[in-house]
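See below for the structure under consideration.
The values are calculated or read from the model by the stated rules, or taken from the named source; none is laboratory data. Quantities reported herein were computed from a predicted structural model and do not represent experimental measurements. Methodologically, a virtual Cβ is constructed for each residue, glycine included, from the backbone with ideal geometry; neighbour enumeration extends over all protein chains shown.
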Ligand code: HEM
C-alpha cells in the first residue's frame, strides 16, 4: 500500500476546478476555499450517513437487547456523529474569512447550483426522520428544474424518505419497552391513564407546577394520554406531539427519569444523542443563515429560493426530535421519583 493510492488522493486532490480560473474568466482567489469547504462538508456528510445507516440497521431488527453490544455501538457511533457536527459548525468560521465582495467575484458563475442541492444533506435529514411533507416550502424540494435536484437525485431522496427512518424505528423501539406491563405492577389492566405509575406521577407533576404553569397538565394529558382539551388548537397539538406516539413518549420520559439506573444508560444516551444531533443541526442552520445574510444580504439564493427568508423558515421548522427535547417540560425532582416495583428493577438487572 502507498499512502496516496490508499486514500485515492489522485482523485480527491484533483477535484477542485474553480470556474473563475477557466479561460475567459477573471480568477477569483476565494473560489478555491469555497470549493474545498463544500467538499470537506460532503466528506463528513458521507461519514455521518455511514454511522446513521448502522443505527438504522440495528433498530430495524425484530428484537433489540437493551443490554447488548449493538445498542452500545449505536450509542458510541451517534456520539461520533455529534463530534462531527460540532466540527461542521466550526467550519462555518473558516468560510467567514471570505468577504461578501470576494464571493461576488465568482458568485454568478455558480448559478443555479446551491447547497440546497446537497443530496447527502437531504439524505441525512430523511434518515433522521424529516419527511418531505413537514419541510418548509416543500414545493422547492419537488423542483427538478433550475435550482432543484436532478431527476436521479430527486428519486434517491424520495426513495430515502419513503423508507423507514430512525425516528420511526426509535418510536417503535420505545413502544416495545416493558416497563408498564401488568406483571410488574400487580394490576389487571394496564390502560395507561389509569396505570398506578402514571396516576401517581401525574399527581406529583401537577403538584409541582407553579401558578403560571397550571395549564401544563393539559399538555401532559395530551402528550401522554391523548386527552384532547378544547383549549388545545390543532397547531398546539401538532407542536406537542405529532411524530411520536403517546406510548413511545411515556417510555422515553420513563428512561429520562430513571436514567441513573445503569441498565437505562445506553437507552438514555441514545435518546440524548438524537436530541443533541437535532440541536447541532439547528445550530448549523443558524450559523449558515447568519453567514448567508452577511454574504448576500437579502438577495435571492443561487438555488433560486428567497435566500435568507427560506433558510430562516427551514431553521424554525426543521426540528426532528422536538418532542424528545420537550420532555424536560414533564420532569419532576429526583427526590420525588416514585419507587419502582422490585420485580421490575430486578428484571431490569438492578437491585435496590
Ligand atoms: C458563500 C457561502 C454560502 C452562501 C452564500 C450560501 C447560500 C445559501 C442559500 C441562499 C441557500 C438557500 C438555497 C438557495 O436559494 O440557494 C443555501 C442552502 C443551503 N446551503 Fe448554503 N451557502 C453557502 C455555503 C454553504 C456551505 C459551505 C455549505 C456546506 C455544505 C452549504 C450548504 C447548504 C445547504 C445544505 C443548504 C440547504 C439548507 C436547507 O434547506 O435547510 N452552504 N445556501
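Numbers for the structure displayed
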| read-out | value |
| --- | --- |
| Residues of region 127-145 classified as under 12 Å from the mean Cα position of the chain (by Cα) and within 12 Å of the ligand (Cβ to nearest atom), total | 1 |
| Region 99-116 - residue that is outside any loop (DSSP other than H, G, I, E, B) and within 8 Å of the ligand (Cβ to nearest atom) and, of those, surrounded by the fewest Cβ atoms within 10 Å (Cβ to Cβ) | 115 |
| Search result, residues across region 146-160 that are within 11 Å of the ligand (Cβ to nearest atom) and touching a helix residue (DSSP H, G or I) at 6+ places or on another chain (Cβ under 8 Å) | 147, 148 |
| Scope region 182-198; condition exposed (fewer than 13 other Cβ atoms within 10 Å of the Cβ) and assigned to a helix (DSSP H, G or I); matching residues | 182, 183, 194 |
| Any hit, region 161-176, residues being out of contact with any strand residue (DSSP E or B) (no Cβ under 8 Å at 6 or more places or on another chain), part of a helix (DSSP H, G or I) and within 16 Å of the ligand (Cβ to nearest atom) | yes |
| Cβ-Cβ under 7 Å pairs, at least 6 apart or on other chains, region 277-304 side under 20 Å from residue 109 (Cβ atoms), far side more than 10 Å from the ligand (Cβ to nearest atom) and not in a helix (DSSP H, G or I) | 304/146 |
| Some residue of region 339-349 being within 16 Å of the ligand (Cβ to nearest atom), crowded, with 19+ Cβ neighbours inside 10 Å and in a loop (DSSP other than H, G, I, E, B) | no |
| Helices (runs of 4 or more DSSP H) enclosed by region 1-78 - at least 3 residues per element that are away from the ligand (no atom under 16 Å from the Cβ) and in contact with a helix residue (DSSP H, G or I) (Cβ under 9 Å, 6 or more places away or on another chain) | 9-12, 31-59 |
| Matching helices (runs of 4 or more DSSP H) fully within region 246-321 where at least 1 residues are touching a helix residue (DSSP H, G or I) at 6+ places or on another chain (Cβ under 7 Å), away from the ligand (no atom under 11 Å from the Cβ) and under 30 Å from residue 336 (Cβ atoms) | 246-257, 265-296 |
| Neighbours by Cβ (under 6 Å, 6+ apart or cross-chain): first from region 323-346, touching a residue at least 60 places away in the same chain (Cβ under 8 Å); second part of a helix (DSSP H, G or I) and surrounded by fewer than 15 Cβ atoms within 10 Å (Cβ to Cβ) | 332/204; 336/204; 338/200 |
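Yes/no matrix, rows are residues, columns are (1) at pLDDT 95 or above; (2) loosely packed, with under 13 Cβ neighbours inside 10 Å:
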site: 36; (1), (2): yes, no
site: 50; (1), (2): yes, yes
site: 61; (1), (2): no, yes
site: 64; (1), (2): no, no
site: 70; (1), (2): no, no
site: 82; (1), (2): yes, no
site: 94; (1), (2): yes, yes
site: 97; (1), (2): yes, yes
